[in-house]
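**Q** Could you have a look at this structure, given as structure tokens, before my questions?
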Amino acid sequence: MTQLKVKKEKEENLEKNQNSYYKLKSYLIMNLIQRKIMAFKNLFKDNNDINEKSIIGFISFLIMVIFAVTDLITGYLGKDLVINEFIYDSFTFITLGCFGIAGVEKIFSKK
């Protein structure tokens, strides 16, 4: 009988430990998600350390690089990649505008 009780106690302890592990794991995951969401919300506050113009400029530049690489790959494969010139020029203007405004702000800031 005592072996049965010991075995049952071990199983209960194991189950409690597993439940604690899963609760801790879910808490940590939820905490991480909440911190990421809060960090994303902080991006839109007026008093943050992130320069939004530089982020938008970088994303626009990244899209232009993806266009260029895709054009090279399709050209190598013998197909013509048709990109509307208006769209590509728009990304160019966004990139230059964002980096230009961010640069001017950095030069003429009162810090």
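**Q** Can you tell me which residue among 59, 50, 83 is part of a helix (DSSP H, G or I) and at negative phi?
**A** Unique residue meeting the criteria: 59.
**Q** Quick check: anything in region 29-39 on the phi < 0 side of the Ramachandran plot and more than 26 Å from the chain's Cα centre (by Cα)? Give the derivation first.
**A** Within region 29-39, the subset on the phi < 0 side of the Ramachandran plot is 29-39.
If we keep only those that are more than 26 Å from the chain's Cα centre (by Cα) too, we end up with none.
Checked against the condition, which is being on the phi < 0 side of the Ramachandran plot and more than 26 Å from the chain's Cα centre (by Cα), region 29-39 yields no hits at all.
**Q** Can you spot a residue in region 36-44 that is among the hydrophobic types (A, V, I, L, M, F, W, C) and surrounded by 13 or more Cβ atoms within 10 Å (Cβ to Cβ)?
**A** No.
**Q** Okay, next question. I'm trying to understand the selection: among the residues of region 69-80, which are surrounded by 12 or more Cβ atoms within 10 Å (Cβ to Cβ) and without any contact (Cβ under 8 Å) to a residue 12 or more places away in the chain?
**A** 70, 74
**Q** Still on this structure, I have one more. For residues in region 59-68 being open to solvent by 70 Å² or more (accessible area, probe 1.4 Å) and free of Cβ contacts under 8 Å to residues at least 12 places away in the same chain, which is farthest from residue 102 (Cα to Cα)? Break it down stepwise before answering.
**A** Pass one, region 59-68, residues open to solvent by 70 Å² or more (accessible area, probe 1.4 Å): 59, 61-62, 66.
Next, only the ones that are free of Cβ contacts under 8 Å to residues at least 12 places away in the same chain stay: 59, 62, 66.
Details: 59: 14, 62: 17, 66: 23 Å.
The qualifying residue farthest from residue 102 (Cα to Cα) is 66.
**Q** Specify the residue that is modelled with the highest pLDDT; the eligible residues are those in region 86-111 that are open to solvent by 80 Å² or more (accessible area, probe 1.4 Å) and not in a helix (DSSP H, G or I).
**A** Ranking the candidates gives 108 first.
**Q** Might you let me know whether region 4-25 holds any residue that is modelled with pLDDT under 80, surrounded by fewer than 10 Cβ atoms within 10 Å (Cβ to Cβ), part of a helix (DSSP H, G or I) and over 24 Å from the mean Cα position of the chain (by Cα)?
**A** Yes, there is a match, as at least one residue in region 4-25 is modelled with pLDDT under 80, surrounded by fewer than 10 Cβ atoms within 10 Å (Cβ to Cβ), part of a helix (DSSP H, G or I) and over 24 Å from the mean Cα position of the chain (by Cα).
The values are calculated or read from the model by the stated rules, or taken from the named source; none is laboratory data. Note that the structure is a prediction, hence the values are computed from the model and not measured. Don't worry about glycine lacking a Cβ; one is built from the backbone with ideal geometry, like all the others, and counts go over all protein chains shown. What goes into the accessible areas is simple: the full protein's heavy atoms, side chains included, and nothing from ligands, DNA or RNA. Shrake-Rupley method; radii C 1.70, N 1.55, O 1.52, S 1.80 Å.
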